[in-house]
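The values are calculated or read from the model by the stated rules, or taken from the named source; none is laboratory data. Just so it is clear, the structure is predicted and the values come from calculations on it, not from any experiment. Ideal geometry is used to build each Cβ from the backbone, glycine not excepted, and the neighbour counts take in all protein chains shown. These area figures cover heavy atoms from the full protein model, side chains too; ligands, DNA and RNA do not enter into them. Shrake-Rupley method; radii C 1.70, N 1.55, O 1.52, S 1.80 Å.
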Amino acid sequence: MMNDNLSFNPVTITGIGRYIPETVITNEDIAKLVDTNDEWITSRTGIKQRRVVSGNETATSLAYKAALDALAFADVKPEDVDLIIVATSLPDSLYPSTACEVQAEIGAVNAAAFNLVAACTGLVYGLNVARNFIMTGTYKKVLLLGVDVHSRFLDWEDRSTCILFGDGAGALLLEQSADGQNDVLSVDMHANGKKAGELSIPLNGKNCPLVEPNEAKQQYVNMNGKEIYKFAVSVVPKSIKHALSGAGLSTDNIDYLIPHQANMRIVSSIMERLGLSEEQVIANLDKYGNTSTASICVALVEEIMNGKIKQDSIMAMCGFGAGLTWGTAIVRWRALDKRKK
Ligand code: UT7
């Protein structure tokens, strides 16, 4: 774990944004495609509906809208952004990166840009990368985006996976804090590549035809749901405690838990293991399903906009997913108008 007691530039979140596509797919809709029903999906996952892209919508177009929201919230011009990080596992292309495409579309002409792949832990990993660039003085303003478009990589005939995911994007603008207060208090990150096969989307390229003939294979989500479930409930509470201890805090200091929105039963188990109350848990998977890298950010942004997350609220934001990866960020929210600009 990083030593959070060293003296570095303080970091704060000044901008928030999110975009969810408009097309709604309910559990009843999915029951027209595969042998499932609303009762099974609701009781096993907590999901009632999800949103999916349509027409010309892409990961980049979702991320672009979330990015503009975050910049407008922070009142920062695109040309003042130093770095764009897009956490995504389902970009529109292997290259160019989504980050470069967003950079061009928003006009962040002075920003460097790259994608980061850590699946549903991407926002937590991205927060750590972003804050380190600011803490060390390399950059002053970093735009962190989390976006995934799962709906184009699901086997819509596989009822064990197609019910779970939705599409979406979230955005955070991180800046060097003008008043000296640090608000990204601690980040804990882990990986276990030995379990990579439990959740994957293989990229099935073809060999050179001069070497051997090839069959094109389809590229869909492969998941061992039970293993991912057991993994999440066992590692995430420990990660939250690690991150809290890195910030010199305990579970008593958490105002809200913002877990990756994968399954309500996983969320409840984490809540119980930490002794938190239902009121302290932010959950929106009934509306959006599992939006993967976007899920934590979308939940954070919506509860700030709804007024539930208030000035000085402390959040434990925890992610887990393919890699396998997992981790937690402890973050304090301070409303912009209370800060020196
Ligand atoms: O971002 C991280 C991504 N992944 C996750 O977080 C996934 C974590 N895992 C889960 O959320 C759960 O394991 C699932 C929701 C995926 C599955 O729930 P489960 O309670 O582990 O169900 P199961 O796989 O043990 O399946 C129980 C039964 C099986 O039938 P039999 O063998 O008992 O006759 C399945 O075939 O439910 C059946 N089933 C379904 N039935 C109706 C599986 N999917 C469905 C479905 N509708 N959609």
| task | Kindly check whether there is at least one residue in the range 256-272 that is under 14 Å from M315 (Cα atoms) and open to solvent by 30 Å² or more (accessible area, probe 1.4 Å). | result | yes
| Within the range 273-286, is there a residue that is part of a loop (DSSP other than H, G, I, E, B), under 16 Å from the mean Cα position of the chain (by Cα), within 15 Å of the ligand (Cβ to nearest atom) and touching a residue at least 60 places away in the same chain (Cβ under 8 Å)? | yes
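Conditions tested, residue by residue: (1) part of a strand (DSSP E or B); (2) in contact (Cβ under 8 Å) with a residue 40 or more places away in the chain; (3) crowded, with 19+ Cβ neighbours inside 10 Å; (4) within 16 Å of the ligand (Cβ to nearest atom).
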site: D29; (1), (2), (3), (4): no, no, no, yes
site: I41; (1), (2), (3), (4): no, yes, yes, yes
site: N56; (1), (2), (3), (4): no, no, no, no
site: S61; (1), (2), (3), (4): no, no, yes, no
site: Y64; (1), (2), (3), (4): no, yes, yes, no
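Would you check which residues across the range 277-292 are out of contact with any His (no Cβ under 9 Å at 6 or more places or on another chain) and open to solvent by less than 20 Å² (accessible area, probe 1.4 Å) and list them? Walk me through it before giving the result.
Looking only at the range 277-292, we keep the residues that are out of contact with any His (no Cβ under 9 Å at 6 or more places or on another chain), and these are 277-288.
V281, I282, N284, L285, Y288 - these are the residues of the range 277-292 that are out of contact with any His (no Cβ under 9 Å at 6 or more places or on another chain) and open to solvent by less than 20 Å² (accessible area, probe 1.4 Å).
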| task | Just give me the residues in the range 89-146 being open to solvent by less than 40 Å² (accessible area, probe 1.4 Å), away from the ligand (no atom under 16 Å from the Cβ) and more than 26 Å from A178 (Cα to Cα), in sequence order. | result | P91, S93, S97, T98, A99, V102, L116
| Options S160, S151: the member that is surrounded by fewer than 20 Cβ atoms within 10 Å (Cβ to Cβ) and either outside any strand (DSSP E or B) or assigned by TED's automatic domain parsing to the domain that holds L116 (or both) | S160
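Of I304, I330, I254, which residue is closer than 21 Å to Y19 by Cα and either more than 14 Å from the ligand (Cβ to nearest atom) or in contact (Cβ under 8 Å) with a residue 12 or more places away in the chain (or both)?
None of the other options fit; the residue is I304.
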